[in-house]
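The values are calculated or read from the model by the stated rules, or taken from the named source; none is laboratory data. Worth saying up front: this structure is predicted, and the values here are computed from it rather than measured. Methodologically, a virtual Cβ is constructed for each residue, glycine included, from the backbone with ideal geometry; neighbour enumeration extends over all protein chains shown. To get the accessible areas, we keep the full protein, side chains included, count just its heavy atoms, and leave off ligands, DNA and RNA. Shrake-Rupley method; radii C 1.70, N 1.55, O 1.52, S 1.80 Å.
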Amino acid sequence: MRPVLPAPDKALRRRRPARVDALASLPLFFSLKGRKVVLAGGTDAAAWKAELLAAAGAKVHVYADRLDETFATLLSGGSVKGSFVHHQRVWSTDCFDSAALAIGDAASDGEAQAFYCAARAAGVPVNVIDRPSFCEFQFGSIVNRSPVVIGISTNGVAPILGQAIRRRIETLLPVSLRDWAALAGRVRANVLATLAAGSERRRFWEGFTDLAFSARSLPDAEDERAIDTLLDDAVATATGRVTLVGAGPGDAEHLTLKAMRTLQSADVILFDGRVDDTVLELARREAKRMLVGRNSDPDAADEDIRDRMVRLARQGKHVVRLMSGDPVSCEETQDDLKRLDDAGVPVALVPGVSGLSKDVPDTRETRAAVRSAHG
């Protein structure tokens with residue numbers, strides 16, 4: 001007879017956060033350089049798709065017996081001249097041979113269905129402009145800092161919202177990011193040859209990213225020298241480290257920018273049961289998540305958690321101890337810092353936004369206590 005195991009603690013039965021929540025569609029970045037793409041239609045809407053495809057390096061075969069003025073102008077000149085082949089006739093089933101993608105602009109559902117079925121029969125992914133039921137993929141809004149390209153999709157349900165998101169991102173990313181990304185391509189081979197896979201390379205790229213988002217507008221000779229320094233530092237600081245991070249009241253909206261950047265660089269995250277799943281969603285996807293703490297694992301004493309942090313750091317990992325509230329005001333933090341310092345493990349502290357944890361009852365007394373604590 002199998003032994004009867006004790007029921008797990010209620011906190012341990014708490015849903016473990018998924019690394020990725022459900023996706024309406026899978027975002028992909030598809031290389032089209034030198035590949036054939038079929039575009040049926042000569043309208044202004046088709047012209048925009050043609051220009052986008054040509055900018056991605058595709059050889060766009062346009063099937064249209066008549067071109068609108070915008071499309072005719074595009075084919076007659078411009079920076080992407082030579083990326084098009086105009087067939088002055090409507091599309092036919094033989095046009096899909098060796099095509100990577102097929103895009104159509106149809107005047108009716110019947111025409112859209114015919115194009116859709118023909119492309120699918122040929123095994124070519126198909127999109128019919130502004131007809132979601134005849135699309136196997138969608139075009140999202142784009143933020144272009146090529147080779148950095150950001151795609152934004154609302155799965156076709158709110159394109160205006162997607163455009164608004166794009167405008168917001170445009171204001172956050174410096175135009176010079178394209179130059180830094182190009183520099184990353186030039187130094188990549190040296191990084192691969194010089195640094196070990198894992199923490200060394202990640203430390204280098206984290207430092208590189210800080211330079212890319214600095215006040216410098218363009219990489220120059222001084223920045224090239226800074227790259228050499230980053231390479232040296234990545235090797236010299238190969239030991240692990242621990243960062244104690246405050247998650248605030250638990251909601252992702254209360255997370256500081258510094259805390260978010262720290263989560264993005266973590267190898268292992270030790271989190272307690274009060275930390276909301278939305279906070280963990282912001283962490284580096286590859287980071288291992290481990291549920292610890294008195295609120296989530298009664299058998300894991302504070303000293304056990306400290307031993308675990310030391311052990312993982314000595315394996316060369318960046319360990320993030322993610323705690324609800326503000327670790328600065330937590331009594332155990334000083335003991336954590338002393339234990340790590342005694343073990344020779346580099347440690348940093350990222351304060352959290354102070355406030356009520358979400359499982360503290362919202363009463364007149366607790367609200368008064370918060371007002372008193374904040375003056």
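For the stretch 42-121, the strands (runs of 3 or more DSSP E) that sit wholly inside it and include 1 or more residues that are over 20 Å from Glu136 (Cβ atoms) are 59-63, 84-87.
The rows are residues; the columns are (1) of a type in the set (Asp, Glu); (2) open to solvent by less than 80 Å² (accessible area, probe 1.4 Å); (3) in contact with a strand residue (DSSP E or B) (Cβ under 8 Å, 6 or more places away or on another chain).
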{"position": "Pro27", "(1), (2), (3)": "no, no, yes"}
{"position": "Ala47", "(1), (2), (3)": "no, yes, no"}
{"position": "Glu51", "(1), (2), (3)": "yes, no, no"}
{"position": "Thr73", "(1), (2), (3)": "no, no, no"}
{"position": "Thr93", "(1), (2), (3)": "no, no, no"}
{"position": "Ile103", "(1), (2), (3)": "no, yes, yes"}
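From the list Gly207, Gly162, the lone residue that is in a helix (DSSP H, G or I), at pLDDT 85 or above, open to solvent by less than 50 Å² (accessible area, probe 1.4 Å) and not aliphatic (A, V, I, L, M) is Gly162. Filtering the stretch 29-45 to residues that are buried (at least 19 other Cβ atoms within 10 Å of the Cβ) and of a type in the set (A, V, I, L, M) leaves Val37, Val38, Leu39, Ala40.
Of Asn155, Asn190, all but one fail to be open to solvent by 70 Å² or more (accessible area, probe 1.4 Å) and in contact (Cβ under 8 Å) with a residue 40 or more places away in the chain; the exception is Asn190. Here Ala122 qualifies as closer than 15 Å to Ala40 by Cβ, touching a residue at least 24 places away in the same chain (Cβ under 8 Å) and surrounded by 15 or more Cβ atoms within 10 Å (Cβ to Cβ).
Here Asn127 clears all of (1) open to solvent by 80 Å² or more (accessible area, probe 1.4 Å); (2) under 19 Å from Ala45 (Cβ atoms) except the condition numbered (1). The set of residues in the stretch 164-179 that are more than 18 Å from the chain's Cα centre (by Cα) and not aliphatic (A, V, I, L, M) comprises Ser176, Asp179.
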